[in-house]
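This report concerns only the one structure given below.
The values are calculated or read from the model by the stated rules, or taken from the named source; none is laboratory data. Keep in mind that this is a model prediction, so the values were computed, not measured. Heads up, the Cβs are rebuilt from the backbone with ideal geometry, glycines too, and the neighbour counts pull from every protein chain shown. Accessible surface areas use protein heavy atoms only, side chains included; no ligands, DNA or RNA. Shrake-Rupley method; radii C 1.70, N 1.55, O 1.52, S 1.80 Å.
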Amino acid sequence: MGLREVQTLTARLYVDRQLRNRFFEDCTAVAEQFGLSAEEAEALQLLSQEQVEGFAASLKRKRLGEVRNLLPLTAKALADALPQLFFAFAERGAPRGIARHAVDAIAFSDHLVTVASVPAWITALARYEASYLTAQRASRCFLIRRFDFDLPQVVRQLLDGQHGLPPIRRKTLVLWIRPTARGRLRCFRFYLI
Amino acid sequence: MTEVAAVAADVEGSEMTGVVKTQPASTLPVLGVGLGYRFPLRQSLDQHPESVDFLEIIADHYLDANPRKLAELEALRCRFTLIPHAINLSLGSAEGVEPRYLTRLAALIRRIDPPWWSEHLSFTTAGEVEVGHLCPLPRTHETLAVLQRNIEAVRAAVDVPLILENITYGVEMPGAEMREGKFLKEVVARTGCRLLLDVTNLYINSVNHRYDAREVLEALSPEDVVQLHFVGVGTRGDQLFDDHATAVQEEVWELLDRVVARFAVKGIILERDQKFPSFNELVGELARARQIGREHGRWD
């Protein structure tokens, strides 16, 4: 069996739901599309759909776990809604690079802004945490973000279990700064009048 | 776009190139028992460094590191023997290993100067898709040829012994030409690399895929295994999985004991990644593993 072609196909199967559906409907056609011979396609028919689907699901769960660690306040705010929101986002494709999990978390935060059902205070929280990730990854940093909520108050309410109360809207500027590569990342908040 | 190593070559019809000479196991130091280093454990390790004999670090955490992260690594290196454990070299990829990743990994390993380092018998990247996890390889002669070729390329860049870890596999790749024990033995013979035997992964695979783990052990020679991983097992329905989040069950302890009895291991790492219990509980598991090594004469 051509290992390169098999790996190219299986890697795509693991991350692409539409391709998986097509493959298990017509394995031969999809395999030939990836350059496998008819004989190799026939061998790949032995791939277990249950196993492949299980592995694909585990990949998304792994990504979800990493994002949960990187956006802990957002994860707490979204609570039971997080998995469904993330798995829908994850269908768009797998992140790349050494810092893939941070990239994934930042992209998910961006995605939440587009989801109408997610309250604005949660998207603000997600943007805040994603901005911190961006600042943390930089050797030197000067990053400013504007938010429409009093984020410290939002976080206090969240951690006290009081996020049912309406969050206070307050225009806020947050500045992350690390002037030198070895310096500490510092964060400053300014309330705008 | 990811660059692909130019060393990739057509392996169709490639012949087995025979046995590669391996560095004698007796030249590798006995390290003892340790932990996979994770940030939540940092404070406890600072306060109780005597609880571990060595640490295993995830190499990828330090490849794109800022100066503060590198300073953390240097502080660890000064206090502990560190074994780098890489994740994304994709040694089983027929496309070859990614040269920029290899270059950065080689620099990290030189910085750490370990007695050995480790990677996985898997692929993580193919056709410009980064799967984000360790994917299974078919147990075929072609796979062995790919591993041999990739490891030769790695050896040209990294002059430190490499050991190879068995992974859990949820997908059984069709077309297997040999059973798992034979495959691991052939890996040792063809690549010149010894093994990082993940006892938990072996246990999980043996249950999920219904085979006797002893069959794998009996296919290997005592000097084939340098280091072990172990941790508790997660369950999802009737399947086991490696969540690295659970205390070690008796079935894993029994297999660990059997492995340490058979193989001249130099080190054992408890690989707990999440849902950390008290540090005392982890130290208790380390103590039990250390005692197993002592009982089988692996260390004092």
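For the reader, a short list of remarks on this structure follows.
- Considering the conditions (1) in contact with a Phe, Trp or Tyr (Cβ under 9 Å, 6 or more places away or on another chain); (2) part of a loop (DSSP other than H, G, I, E, B), B:Gly175 is excluded by exactly one of them, (1).
- Of all residues in region B:95-113, none are at the interface with chain A (Cβ under 7 Å from one of its Cβ atoms) and touching a Ser or Thr at 6+ places or on another chain (Cβ under 7 Å).
- Close pairs from region B:117-137: first facing chain A (nearest Cβ under 7 Å), partner part of a strand (DSSP E or B) and surrounded by fewer than 24 Cβ atoms within 10 Å (Cβ to Cβ), Cβ under 6 Å, at least 6 apart: B:Val131/B:Thr124
- Residue among B:Val225, B:Val199 that alone is more than 19 Å from B:Leu91 (Cα to Cα) and modelled with pLDDT of 95 or more: B:Val199
- Residue selected from region B:247-284 under the condition assigned to a loop (DSSP other than H, G, I, E, B) and of a type in the set (Phe, Trp, Tyr), by the criterion nearest to the chain's Cα centre (by Cα): B:Phe263
- Some residue of region B:276-299 being closer than 23 Å to A:Gly54 by Cβ and open to solvent by 10 Å² or more (accessible area, probe 1.4 Å): no
- Residues of region B:46-86 classified as open to solvent by less than 30 Å² (accessible area, probe 1.4 Å) and within 17 Å of the chain's Cα centre (by Cα), total: 12
- In region A:65-148, counting only helices (runs of 4 or more DSSP H) that sit wholly within it, the ones holding 2 or more residues that are farther than 30 Å from B:Leu105 by Cα, of a type in the set (A, V, I, L, M, F, W, C) and out of contact with any Phe, Trp or Tyr (no Cβ under 9 Å at 6 or more places or on another chain) span A:81-90.
- Taking helices (runs of 4 or more DSSP H) as the structural unit, no element lying wholly within region A:1-40 holds at least 1 residues that are under 30 Å from the mean Cα position of the chain (by Cα) and on the phi > 0 side of the Ramachandran plot.
- Filtering region A:20-70 to residues that are more than 10 Å from chain B (Cβ to nearest Cβ), among the hydrophobic types (A, V, I, L, M, F, W, C) and open to solvent by 60 Å² or more (accessible area, probe 1.4 Å) leaves only A:Ala38.
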